[in-house]
Amino acid sequence: MLKDHKIDRAHLADYNRVCGFALRETVPSTYLHILSFPLQMVLMTDASFPYALMGLVHVRNRIDQLRPVLASEVVTFRTRVGNLQPHDKGITFDLISEAWVGAEKVWVDYSTYLRRQPAPRTEGGKPAKAAKPAKAAASEKPAASAFWNVPGDIGRRYGAISGDRNPIHLYAATAKLLGFPQAIAHGMWTKAACLAAMESRLPDAYSVDVQFKLPVLLPAKVAFSSTPTADGGLEFAVNDARKGKPHVAGVVTAL
């Protein structure tokens, strides 16, 4: 638990600048994610945690903003592990963080991580297959709303603000040691940049669910798109500007 945390306005302003949010009294829902990130690290580096931190892949993030949080409010964070599930590439689990103002729960974050591992064997010696989730109906790809030039140092800039200094985000040399041809952008920076682009259209209470697909190799030019849904929400995506390969796909739903 991180109890009675007072928001540092200078740090919040730096975060807003890096991610593209306007400076205002309410805090972005993704900013609370980085405030809870130290609790996630405490859990994942504890000796009793069953999986090594290195090699975990952040594949999905859902945030429920139950109401706007003011920069002047004092917030308490709690984080736990849950939702262990089989996956066709290993297993997934959620780190579930909650933010409270006094006795009121104001925010929930579900960060889904993939632990790659060989599939268990059947009695015949063949790998067992995990059940795959049903695929959503294909929809027409929306036209780009904007093109972004993502600078090569965004991983270092976001890492300095968020505390997530994983070597894959910092330099090409350190990323190559871990199997990437170039440094890659943080998925949560990409999600935050999407929310910043839609900031004026976000309701006070909403859920934003994002799947992280192919990494954004830095530097990059990407296409951002957003379209309204039939229920009044927003679908959005980030794709490679030239080849169209998907980086992020998400949806905002009013609560």
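Assorted remarks:
- With the simple model of a label 7 Å out from the Cα in the direction of the Cβ, Lys245 to Lys105 spans 3.9 nm.
- Cα-based reach from Lys245 at 15 Å (exclusive), listing aspartates and glutamates while leaving out same-chain residues under 8 positions away: Glu140
- Accessible area per residue in Å² at 1.4 Å probe, computed on the chain: 53 Å²
- Two-site label geometry, Thr76 and Arg24: point separation in nm, points 7 Å out along Cα→Cβ: 2.9 nm
- Annotation for Lys89 and Lys3: the two label points, set 7 Å from Cα along the Cα-Cβ direction, are 4.0 nm apart.
- Cα-based convex hull, the range 47-96, per residue volume (Å³, whole number): 136 Å³
- Each peptide among 96-105, 77-86 gets the average number of other Cβ atoms lying within 10 Å of its residues, and from highest to lowest they stand as 96-105, 77-86.
- Overall Cα dimensions of the chain - principal axes, largest extent first, Å: 60, 44, 43
- Rounded FRET efficiency, nearest 0.05, which uses the C-beta distance separating Arg67 from Ser145 and R0 of 25 Å: 0.35
- Mean separation of Cα contacts under 8 Å, 6 or more apart, over the residue count of the chain: relative contact order %: 19 percent
- Heavy atoms of Leu2: accessible area, 1.4 Å probe, square angstrom to 10: 60 Å²
- Net charge, Pro203 excluded, C-beta distance under 13 Å - Lys, Arg +1, Asp, Glu -1: -2
- Accessible surface of the range 1-130 [probe 1.4 Å, protein heavy atoms]: carbon and sulfur percent: 55 percent
- Accessible area in the full protein assembly, largest first, 1.4 Å probe, for Tyr110, Tyr31: Tyr110, Tyr31
- Accessible area of the range 166-229 belonging to carbon and sulfur atoms, whole % at 1.4 Å probe: 60 percent
- Rounded FRET efficiency, nearest 0.05, which uses the C-beta distance separating Val57 from Lys176 and R0 of 22 Å: 0.80
- Full extension of the segment from Leu214 to Thr45, taken as 0.36 nm per residue of separation minus the current Cα-Cα distance, would add 58.2 nm.
- Gaussian network model of the chain, springs between alpha carbon atoms under 10 Å - residue of Asn239, Asn166, Asn16 with greatest fluctuation: Asn166
- The charge dipole of the chain, taken about its Cα centre with unit charges on the Cβ of Lys, Arg, Asp and Glu (plus for the first two, minus for the last two), comes to roughly 980 debye.
- Among Ala47, Ala13, Ala22, the largest mean-square fluctuation in a Gaussian network model of the chain, built with springs joining Cα atoms closer than 10 Å, belongs to Ala47.
- Working from Cα pairs under 8 Å separated by at least six residues, relative contact order for the range 1-112 is 30 percent.
- Here the range 177-235 is assigned +1 on the Cβ of each Lys and Arg and -1 on the Cβ of each Asp and Glu. Its dipole about the Cα centre then comes out at about 300 debye.
- Of the residues Asp109, Asp4, the one with the largest accessible area comes first in the ranking Asp4, Asp109, computed with a 1.4 Å probe on protein heavy atoms.
The values are calculated or read from the model by the stated rules, or taken from the named source; none is laboratory data. Note that the coordinates shown come from a computational prediction; the quantities given were computed from them, not determined experimentally. Every residue, glycine as well, gets a Cβ built from its backbone with ideal geometry; the counts of neighbours run over all protein chains shown. The protein model used for the area step is the full one, side chains on, heavy atoms only, and it has no ligands, DNA or RNA in it. Shrake-Rupley method; radii C 1.70, N 1.55, O 1.52, S 1.80 Å.
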